[in-house]
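Every number in this text was worked out from the coordinates using simple rules, so none of it is lab data. These numbers were taken from a predicted model, which means no experiment stands behind them. Using ideal geometry, Cβ is built from the backbone for each residue, glycine included, and neighbour counts are taken over all protein chains shown.
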Amino acid sequence: MKREGVTYEIHHIGIPTSEIRPGERYAASVDMYTTDDLTGPLPIQWHRFGPNCKLAEPMRSEPHVAYKVDNLEAAIAGHVVILGPYEPLDDFRVAVIDNGGMPIELIETNLTNAEIWNRAGDGAKSQLYR
């Protein structure tokens, strides 16, 4: 999909959970656990938040849709940014906007999806999960 000069490609859905899931990885900087489910047609990231999580609402309580974009700065222009931009994985920039109360994650990267999911699970290439 192309909108206002930016190309959007759906990447994953993030869902808050209170359930401990096998394979969780921990991000101490934000007190959050993440589990990737790549078994279906659309990847799901389950996010469980610790008591000291400082991520803004609605990140902790609402599901989010994530899109890969070809121009992160243009994609966030004119929106309320609730997280970022920052680089949770090497060569992978992210910002989250508030879209009418729903968080929307926007990702700018030249990595393939296979490289993204491999780096997400590899602490050496993931600033967030180091």
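Its Cα gyration tensor gives the chain an equivalent ellipsoid; the semi-axes, largest first and in whole Å, are 22, 17, 14. Summing charges over all other residues whose Cβ lies under 13 Å from the Cβ of residue 4, with Lys and Arg as +1 and Asp and Glu as -1, gives 0.
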